[in-house]
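What follows is one structure encoded as structure tokens, with my remarks underneath.
The values are calculated or read from the model by the stated rules, or taken from the named source; none is laboratory data. Because the structure is a prediction, the values reported are computed rather than measured. Cβ atoms come from the backbone with ideal geometry, glycine included; neighbour counts cover every protein chain shown. Accessible surface is based on the protein model in full, side chains and every heavy atom, while ligands, DNA and RNA are left aside. Shrake-Rupley method; radii C 1.70, N 1.55, O 1.52, S 1.80 Å.
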There are 2 protein chains.
Amino acid sequence: MTAETTTTSTHAPAQFSGVAKLDQQLCFALYSASGLMTRLYRPLLDPLGLTYPQYLAMLALWERSPSTVGELGEALGLDSATLTPLLKRLEAGGLVTRRRDPADERRVLVEPTAKGQALREQARSVPAAMLCNLPLDVDELKYLHHTLTRFVSGLRKADPGTASPS
Amino acid sequence: MTAETTTTSTHAPAQFSGVAKLDQQLCFALYSASGLMTRLYRPLLDPLGLTYPQYLAMLALWERSPSTVGELGEALGLDSATLTPLLKRLEAGGLVTRRRDPADERRVLVEPTAKGQALREQARSVPAAMLCNLPLDVDELKYLHHTLTRFVSGLRKADPGTASPS
DNA sequence: TCCAGTTAAATCGTGCACGATTATTTAGTA
DNA sequence: TACTAAATAATCGTGCACGATTTAACTGGA
């Protein structure tokens, strides 16, 4: 890409006024994009009776079940304080079951019900519909995904709060 | 347990794997990046007594004050249901004042107090500190910002909520 | 056997976010 | 003037998110 005045190969204080604003704008753009994306999912997920985080949980469970709460938390980057009530709502909606693992009573195994599995079929049309809404072309989306993935994996290492297992 | 099919690994076949999965991965990356970014701000903003949305509101007010609740909502992409309690917390912390506009009693004018202005000096070190934490180099951050900005402006047009499947 | 230490989930308190509704004020019009 | 319509915040209900704490269950030794 056209690199404009990239004389700051390192974190040079001289360019702070210019570069320092970048993080504000970038982080705000990230924050805004995430919120708008969630809002764009809503009309697609409302007919399924799911919120976006619930949809993410179901996606994870459709891929791998039964899963423990901890495994779901690892996959989604959420902790039990968020997941427990979310999963209870999915259970109340008849989409998943929650039961203690007989082999280790500390764990809770979560699994889609038949209704939860059936929902997967309804949900198949969501990605394509969502893709049509995204305002960039496929190449840009791919590059954006690639960059964000590097961003996320980089941030996970820098986050002291997230334990790094093994 | 009757686990006849211990691993129902129906990983997406080729029909889906190409483009349709991209939006899932991209939106999830966006969602994760936003959450991680907010978490990364926390240790920087805690000493200031601000959350990230509160920091955004103060940034907007430092740029332009007094602002109405509506103007702040426009700038941040939030509505009064979110902003009113947030601004009340800032007011309770002595950082802003809220008063009805005498010229139009429907509006509420929000303005930093002296304490709120003083906080701006403390906050000056935040962007540089944040920038050091971001795991990409400046060129990538610039491209990411540029792409996300186009993404956000594109989404804003597609948002209005009138689900007209015509 | 007992007991620390660890792990897993649930719980508590605070705060953000949105859809929908309500109350008040302002503007427009017969 | 009176009466409708639009604008502006505030409020209500539901749900997500996280730090901190609590409870229960497993683990590995003395």
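Is it fair to say A:Val152 is in contact (Cβ under 8 Å) with a residue 40 or more places away in the chain and of a type outside the set (S, T, N, Q)? Even if it seems obvious, please write down each step before you answer.
Values: in contact (Cβ under 8 Å) with a residue 40 or more places away in the chain: no; of a type outside the set (S, T, N, Q): yes.
No, not satisfied.
Mind checking which residues of region A:44-90 are in contact with a Leu (Cβ under 7 Å, 6 or more places away or on another chain), among the hydroxyl-bearing types (Ser, Thr, Tyr) and either within 11 Å of DNA strand D (Cβ to nearest atom) or within 18 Å of A:Ala123 (Cβ to Cβ) (or both)? First the steps, then the outcome.
First pass over region A:44-90, keeping only residues in contact with a Leu (Cβ under 7 Å, 6 or more places away or on another chain): A:48, A:51-58, A:60, A:66-69, A:72-73, A:76, A:83.
With the extra rule that they be among the hydroxyl-bearing types (Ser, Thr, Tyr), the set shrinks to A:51-52, A:55, A:67-68.
Hits for region A:44-90 are A:Thr51, A:Tyr52, A:Tyr55, A:Ser67.
In the set (1) within 12 Å of chain A (Cβ to nearest Cβ); (2) free of Cβ contacts under 8 Å to residues at least 24 places away in the same chain; (3) within 12 Å of DNA strand C (Cβ to nearest atom), B:Ala29 fails one condition alone, (3).
Of the residues making up region A:38-86, those that are in contact with a strand residue (DSSP E or B) (Cβ under 8 Å, 6 or more places away or on another chain), over 18 Å from A:Lys115 (Cα atoms) and either acidic (Asp, Glu) or open to solvent by 10 Å² or more (accessible area, probe 1.4 Å) (or both) are A:Thr68, A:Val69, A:Gly70, A:Ala75.
Helices (runs of 4 or more DSSP H) fully within region A:38-132 that include at least 2 residues being within 16 Å of DNA strand C (Cβ to nearest atom) and either over 30 Å from B:Val152 (Cβ atoms) or within 10 Å of chain B (Cβ to nearest Cβ) (or both): A:52-63, A:69-76, A:80-92.
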